[in-house]
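Taking it in order: structure first as structure tokens, then the write-up.
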Amino acid sequence: MGAFMSGWTGRRLNDTNMTRTGEEFGKEIIDLFAESSNTLSEFNSATYTGVSLLALSLWGKYLPSESIMAQHGPTMIRYTW
């Protein structure tokens, strides 16, 4: 959720540093997901699945297509679901 908020807010405020921070954090999440056999390792439980799916849905719906989060969000949703 933090990666999304930084990336989305940075774009809305035209704040390059905030946008870059969100994208970098998103890349770290994507890399960890891939390294963990396509799973959300830290909170991989039923309790957090809903929150994870919400955040990944926000990635795909509200970030532009050039965002690394928008590019990987749908695939991560499929694996998580």
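Couple of notes before you dig in:
- Pairs, first under 16 Å from E66 (Cβ atoms) and without any contact (Cβ under 8 Å) to a residue 40 or more places away in the chain in region 4-28, second charged (D, E, K, R) and surrounded by 14 or more Cβ atoms within 10 Å (Cβ to Cβ), C-beta under 6 Å, six or more apart: T19/R11
- Number of the exception - M1 against (1) at pLDDT 95 or above; (2) open to solvent by 40 Å² or more (accessible area, probe 1.4 Å); (3) of a type outside the set (G, A, S): (1)
- Condition check for A46: without any contact (Cβ under 8 Å) to a residue 12 or more places away in the chain, among the aliphatic types (A, V, I, L, M) and farther than 16 Å from T9 by Cα: yes
- Listed conditions (1) part of a loop (DSSP other than H, G, I, E, B); (2) at pLDDT below 95 are all met by N14, apart from (2).
- Residue tally, condition farther than 19 Å from Y48 by Cβ and open to solvent by less than 60 Å² (accessible area, probe 1.4 Å), over region 59-73: 5
- For region 59-73, a residue qualifies if it is more than 10 Å from the chain's Cα centre (by Cα) and in a helix (DSSP H, G or I), and the qualifying residues are K61, Y62.
Matching residues to (1) in a loop (DSSP other than H, G, I, E, B); (2) open to solvent by less than 30 Å² (accessible area, probe 1.4 Å):
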{"site": "M18", "(1), (2)": "no, no"}
{"site": "E24", "(1), (2)": "no, no"}
{"site": "K27", "(1), (2)": "no, no"}
{"site": "F33", "(1), (2)": "no, yes"}
{"site": "N38", "(1), (2)": "yes, no"}
{"site": "T49", "(1), (2)": "no, no"}
{"site": "S57", "(1), (2)": "no, no"}
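The values are calculated or read from the model by the stated rules, or taken from the named source; none is laboratory data. Being a predicted model, the structure only gives us computed values, none of them experimental. Cβ sites come from the backbone with ideal geometry, for glycine too, and all protein chains shown count toward neighbours. All accessible areas refer to the heavy atoms of the entire protein, side chains included, with ligands and DNA or RNA removed. Shrake-Rupley method; radii C 1.70, N 1.55, O 1.52, S 1.80 Å.
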